[in-house]
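Trainee: I have a structure here, written as structure tokens, and I will follow up with some questions on it.
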């Protein structure tokens, strides 16, 4: 699976949008971009995933560039409970595919 | 989303004993289950992948005789840490994928904190 690069940390003010970037310049055509987050001492939580079109759900929006070499996860109105480590992962589909976690980005939402 | 549970959530044991951790998919059938380990301030590291009814596939560097994985049904996988030592103290997280409810996404359990004294 291709690797991803994320900044180590960022912060944002409560109520504002949090834009979390991710580079995946070696992504293959059949690999999806997945985002998970991990709140301290809990298991990772699935947020969203996409192939090439932008995606939105009740938690977040995922913007993937046209060349698919980078993406941005957008939390439209960050709250204190969104403070977590966010992981951007690329993964192909299929029975043998695996989610390989990098270091992620630590998002701190300040009051 | 699909729910994955783990039991126990926390366990403390003496060095040399064995510990079993259960992972269940509550509302879907998990054709594939994964076991991860996470040390403090580090990311999740995949230990092994198991398909129902088959032997687990272990990642490089993970001792299969020490970390026994059984995936006997589509809703249950167990990880047994045999002859545990203090260096096995870690946060163990299972994950499940597959079935009508789960689709191709992977859902994670809440984790089990193992402390070996």
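The values are calculated or read from the model by the stated rules, or taken from the named source; none is laboratory data. All figures in this text were calculated on a predicted structure; none of them were measured in a lab. FYI the Cβ positions are ideal-geometry reconstructions off the backbone, even for glycines, and counts take in every protein chain you see.
Trainee: Any idea which residue in segment A:94-111 is farthest from the other protein chains (Cβ to nearest Cβ), counting only those that are part of a loop (DSSP other than H, G, I, E, B) and in contact with a strand residue (DSSP E or B) (Cβ under 7 Å, 6 or more places away or on another chain)? First the steps, then the outcome.
Mentor: At the first step, the residues of segment A:94-111 found to be part of a loop (DSSP other than H, G, I, E, B) are A:94-104, A:111.
Now drop any that are not in contact with a strand residue (DSSP E or B) (Cβ under 7 Å, 6 or more places away or on another chain), which leaves A:95, A:97-102, A:104.
Working: A:95: 7, A:97: 9, A:98: 6, A:99: 6, A:100: 7, A:101: 4, A:102: 6, A:104: 6 Å.
Among them, the one singled out is A:97.
Trainee: What's the total number of residues in segment B:64-110 that are under 23 Å from residue A:37 (Cβ atoms), modelled with pLDDT of 95 or more and either surrounded by fewer than 22 Cβ atoms within 10 Å (Cβ to Cβ) or more than 14 Å from every other protein chain (Cβ to nearest Cβ) (or both)?
Mentor: Number of matching residues: 3.
Trainee: Take the residues in segment A:61-77 that are under 23 Å from residue A:40 (Cα atoms) and touching a residue at least 40 places away in the same chain (Cβ under 8 Å); name whichever of them is nearest to the chain's Cα centre (by Cα).
Mentor: Checked segment A:61-77; the qualifying residue nearest to the chain's Cα centre (by Cα) is A:73.
Trainee: Of all residues being within 14 Å of chain B (Cβ to nearest Cβ), touching a residue at least 60 places away in the same chain (Cβ under 8 Å) and crowded, with 18+ Cβ neighbours inside 10 Å in segment A:16-35, which is nearest to residue B:111 (Cα to Cα)? Just the residue, please.
Mentor: Restricting attention to segment A:16-35, the residues satisfying the condition of being within 14 Å of chain B (Cβ to nearest Cβ) are A:30-35.
Next, only the ones that are touching a residue at least 60 places away in the same chain (Cβ under 8 Å) stay: A:30-32, A:34.
The next check asks that each one be crowded, with 18+ Cβ neighbours inside 10 Å; those that pass are A:31-32, A:34.
On the way: A:31: 27, A:32: 25, A:34: 20 Å.
The extreme case among them is A:34.
Trainee: Determine whether segment B:11-31 contains at least one residue that is within 10 Å of chain A (Cβ to nearest Cβ), under 24 Å from residue A:103 (Cβ atoms), modelled with pLDDT under 95 and more than 10 Å from the chain's Cα centre (by Cα).
Mentor: Residues of segment B:11-31 within 10 Å of chain A (Cβ to nearest Cβ): B:31.
Restricting the remaining residues to those that are under 24 Å from residue A:103 (Cβ atoms) gives none.
Checking segment B:11-31: not a single residue is within 10 Å of chain A (Cβ to nearest Cβ), under 24 Å from residue A:103 (Cβ atoms), modelled with pLDDT under 95 and more than 10 Å from the chain's Cα centre (by Cα).
Trainee: To continue, here is another question. Which condition number does residue B:96 fail, the rest of (1) in contact with a helix residue (DSSP H, G or I) (Cβ under 9 Å, 6 or more places away or on another chain); (2) more than 30 Å from residue A:5 (Cα to Cα) being met?
Mentor: (2)
Trainee: Another question, then. Are any residues in segment A:60-74 crowded, with 16+ Cβ neighbours inside 10 Å and assigned to a loop (DSSP other than H, G, I, E, B), and if so, which ones?
Mentor: Hits for segment A:60-74 are A:60, A:68.
Conditions tested, residue by residue: (1) touching a helix residue (DSSP H, G or I) at 6+ places or on another chain (Cβ under 8 Å); (2) at pLDDT 95 or above.
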| position | (1), (2) |
| --- | --- |
| A:1 | no, no |
| A:9 | no, yes |
| A:14 | yes, yes |
| A:18 | yes, yes |
| A:26 | no, no |
| A:44 | no, yes |
| A:53 | no, no |
| A:56 | no, yes |
| A:72 | no, yes |
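Trainee: For segment A:78-93, check the following and say yes or no: at least one residue is outside any loop (DSSP other than H, G, I, E, B), within 11 Å of the chain's Cα centre (by Cα) and more than 30 Å from residue B:57 (Cβ to Cβ). Reasoning before the result, please.
Mentor: From segment A:78-93, those outside any loop (DSSP other than H, G, I, E, B) are A:80-82, A:84-92; that's our starting set.
From the residues that got through so far, the ones that are within 11 Å of the chain's Cα centre (by Cα) too are A:85-90.
If we keep only those that are more than 30 Å from residue B:57 (Cβ to Cβ) as well, we get none.
Checked against the condition, which is being outside any loop (DSSP other than H, G, I, E, B), within 11 Å of the chain's Cα centre (by Cα) and more than 30 Å from residue B:57 (Cβ to Cβ), segment A:78-93 yields no hits at all.
Trainee: Taking the condition surrounded by 15 or more Cβ atoms within 10 Å (Cβ to Cβ) and either over 30 Å from residue A:9 (Cα atoms) or within 14 Å of chain A (Cβ to nearest Cβ) (or both), does residue B:50 pass? If you could, list the steps in order and put the result at the bottom.
Mentor: Numbers: surrounded by 15 or more Cβ atoms within 10 Å (Cβ to Cβ): yes; either over 30 Å from residue A:9 (Cα atoms) or within 14 Å of chain A (Cβ to nearest Cβ) (or both): yes.
For residue B:50, the condition - surrounded by 15 or more Cβ atoms within 10 Å (Cβ to Cβ) and either over 30 Å from residue A:9 (Cα atoms) or within 14 Å of chain A (Cβ to nearest Cβ) (or both) - is met.
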